[in-house]
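This report refers to the structure that appears directly beneath it.
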Amino acid sequence: QVQLVESGGGLVRAGGSLRLSCAASRSIFSGNTMAWYRQAPGKQRELVARITSGGYTNYADSVKGRFAISRDNAKNMVYLQMNSLKPEDTAVYYCRRDFTDYWGQGTQVTVSS
């Protein structure tokens, strides 16, 4: 079964940190580029970060230096470490097998000022 399940969202104060996790079925994960996207209320969904199967990463300018994407190929997991969080990071965060229609259900991240 094709599956992506996010976890780790929550409420945090500005300046704080959260770590998101995405558990993927092997058929989705293995050998594929994985990514985190986010969607804030009233805004379009946007790319936050992606990581190739070989570990190459790229980030949205708004999160560079604060967020870090990583993957554990043995566990079929993708992570997003988010530091120095800002209120404008508030959104639903989604895991995706990039460039496909495979999305997780999303996890809410709320950053209070």
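Brief remarks on what is shown
- The residue list TYR94, TYR102, TYR59 contains one member that is touching a strand residue (DSSP E or B) at 6+ places or on another chain (Cβ under 8 Å), open to solvent by 30 Å² or more (accessible area, probe 1.4 Å) and at pLDDT below 95, which is TYR102.
- Restricted to region 62-91, and to residues there that are touching a residue at least 40 places away in the same chain (Cβ under 8 Å) and among the β-branched types (Val, Ile, Thr), the residue that is most open to solvent (accessible area, probe 1.4 Å) is THR90.
- With respect to being of a type outside the set (A, V, I, L, M, F, W, C), assigned to a strand (DSSP E or B) and within 14 Å of ARG19 (Cβ to Cβ), TYR79 fits the description.
- The numbered conditions (1) over 12 Å from the mean Cα position of the chain (by Cα); (2) within 13 Å of GLU6 (Cα to Cα) are all true for ALA40 except (2).
- Any strands (runs of 3 or more DSSP E) falling wholly within region 1-44 and containing at least 1 residues that are out of contact with any Gly (no Cβ under 6 Å at 6 or more places or on another chain) and either open to solvent by less than 20 Å² (accessible area, probe 1.4 Å) or charged (D, E, K, R) (or both): 10-13, 18-24, 34-39
- Among the residues of region 45-56, just one is over 19 Å from GLN105 (Cα atoms) and buried (at least 20 other Cβ atoms within 10 Å of the Cβ), namely ILE51.
- For the criterion of being among the small types (Gly, Ala, Ser) and closer than 18 Å to GLN3 by Cβ, ALA91 fails.
The values are calculated or read from the model by the stated rules, or taken from the named source; none is laboratory data. The shown structure was predicted, so the numbers you read here are calculated from the model rather than taken from an experiment. Here the Cβ is made from the backbone with ideal geometry for all residues, glycine too, and neighbour counts use every protein chain on show. The area values use the complete protein model at the heavy-atom level, side chains included, leaving out ligands, DNA and RNA. Shrake-Rupley method; radii C 1.70, N 1.55, O 1.52, S 1.80 Å.
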